[in-house]
1. Output the relative contact order of the chain, whole-number percent, from Cα pairs under 8 angstrom with separation of 6+ residues.
2. Going by C-beta contacts inside 10 Å, put Arg431, Arg338 in order with the fewest on the left.
3. Fewest first, what order do Thr167, Thr142, Thr9 take by the number of other Cβ atoms within 10 Å?
4. With θ set to phi - 60° and the Karplus curve 6.51 cos²θ - 1.76 cosθ + 1.60, what are the ³J(HN,Hα) couplings of region 285-299 in order, to the nearest whole Hz, using x for Gly and Pro?
5. Quick one: which residues, 5+ away or cross-chain, put their amide H under 5 Å from the amide H of Thr305? H built at 1.01 Å from N.
6. Just to confirm my understanding: which cysteines in the chain have no other cysteine beta carbon less than 4.7 Å from their beta carbon?
7. Would you mind checking Lys70/Lys122; Lys157/Lys285; Lys285/Lys401; Lys351/Lys387; Lys157/Lys330; Lys285/Lys351 for any pair whose Cα atoms are more than 28 angstrom apart?
8. Below 8 Å, C-alpha to C-alpha, sequence gap of six or more: please give me the relative contact order for region 118-184 in percent.
Amino acid sequence: MHRSIYIETYGCQMNFADTEIVNGILREQGYEIASDVEKADAVFLNTCAIRDNAEQRIYGRLSNLEHLKKRNPHLVFGILGCMAERLRSDLLEKNSAVDIVCGPDEYRRLPALIDDAFAGEKGIRTQLSRVETYDDIVPLRTDGISAWVAVMRGCDKFCTFCVVPFTRGRERSRPRAGVLREVEQLLEGGFREVTLLGQNVNSYRDEEHDFADLLVAVAALDPTLRVRFTTSHPQDMSDRLISAIAEHGNICSYIHLPFQSGSNRILELMNRTYTREHYLELVRKIRAAIPGVALSTDVIAGFPTETEEDHRATLSLMEEVRYDGAFMFKYSPRERTRAWKMGDDVPEEVKGRRLEEIIDLQRRISYDVNAQVIGTRQSILLEGPSKRSEEEWMGRTDTNKTVIVPRGDFAVGDTIDVEITSATSATLFGRLAGARAMEAA
Ligand code: 5AD
Ligand code: SF4
């Protein structure tokens, strides 16, 4: 009988892509993927360490799963991802239910670790690699139309608040040929959208090819394939990349461009390597080159030494740029980072209030930006039923906005033209604007 595994994934898209890689590795070894956690012989949490609240959530889940193990002592239980890399043997020592700790560059070792665990031996592998890209592994995907394709791993930027360079190691790119081969297979499998993924995709390099070349090559495989990418670091957003997006209809007009803080003093302390003025100039350049482009961002409230004036600079930058959307966080000190040593001197209630002001402002801006789309025609790719009703579809515009439309007789993967009829800060609502534009292969 084949053993079955179950992986629960937390955190960023890179972790979701890694789970598909792990499932690919284990399936190759004859494991089955269990449909629910209760039925699995081995259960893994693929974890996130970016902020303390992410880790606390995972600890909560870990104690839940200890009960499963009490009921079934043969169950093998493992921790993957960034917490495995950050905490290493602590996880084994402090959590008796944990059998396996395996970091992001060691997933090829998992079959051996699992065999040992079934034989009663606990195991830990947390070496980081300068070369591992899992280029030859075929990820096991479940979703049928939209795929994440990791093109690089790790990060060399060392923003002073960020634990990623320590949990995911140095930057390395996958060979271009491997990425193209994978996207070709996705096209054959009926996928209609790919998102090229990396902590900092803009620093992708394969010999003479940079990220702009890769993006154009992927887009050229099929002009009806939607091509997205994330995340971009402002420092590496080249003119060639901006032109590539502008010149290719199927490279989506949407850029996630984290700014983190609007204050030059804080940006410097964060080691972000750009100033507010550089960033705003970049935004002007992007908007001039790509009409209608959507921008989203990440922002941190309460970085060490942040004053009210610094905070107001963050709010004013957001008003100036008018992002379509934002991911907004309270600063969370992470061990080993440079900011850890700066202390955590902004009181919790001040951080909380600043974050609320940031969220309120962004909600108003998102609403205004979305309201301007009302009355326009948009081409949307249907991804599945809406959360609220089977009678509605959820789709996305080229600019990555969620649109809800009546179901009609369409199918997942269809691209349809809709007219936007109303909007909230998070969602657009539409109705059919004409005949079916294009059908899935
Ligand atoms: N505290 C708060 N937010 C953080 N991020 C990264 N590290 C931290 C931290 N220590 C945020 C940044 C980054 C996003 C992925 O998470 O905004 O862009
Ligand atoms: Fe972390 Fe900065 Fe690298 Fe992003 S660019 S993963 S925030 S170190």
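Every number in this text was worked out from the coordinates using simple rules, so none of it is lab data. Bear in mind the structure is a predicted one, so any value in this text is a computation, not a measurement. So basically every Cβ, Gly included, is an ideal-geometry build from the backbone, and we count neighbours across all protein chains shown.
1. RCO, the chain: 10 percent.
2. Details: Arg431 11, Arg338 14.
Fewest-to-most ranking of Arg431, Arg338: Arg431, Arg338.
3. In order of increasing Cβ crowding within 10 Å: Thr142, Thr9, Thr167.
4. 5, 4, 5, 5, 7, 10, x, x, 4, 9, 10, 10, 7, 10, 9
5. The list, which skips near neighbours in sequence, is Asp345, Val346.
6. Cys12, Cys48, Cys82, Cys102, Cys155, Cys252 - these cysteines have no disulfide-compatible partner (Cβ-Cβ under 4.7 Å) in the chain.
7. Numbers: Lys70/Lys122 17 Å; Lys157/Lys285 23 Å; Lys285/Lys401 22 Å; Lys351/Lys387 32 Å; Lys157/Lys330 21 Å; Lys285/Lys351 32 Å.
Exceeds cut-off: Lys351/Lys387; Lys285/Lys351.
8. Across region 118-184, relative contact order equals 37 percent.
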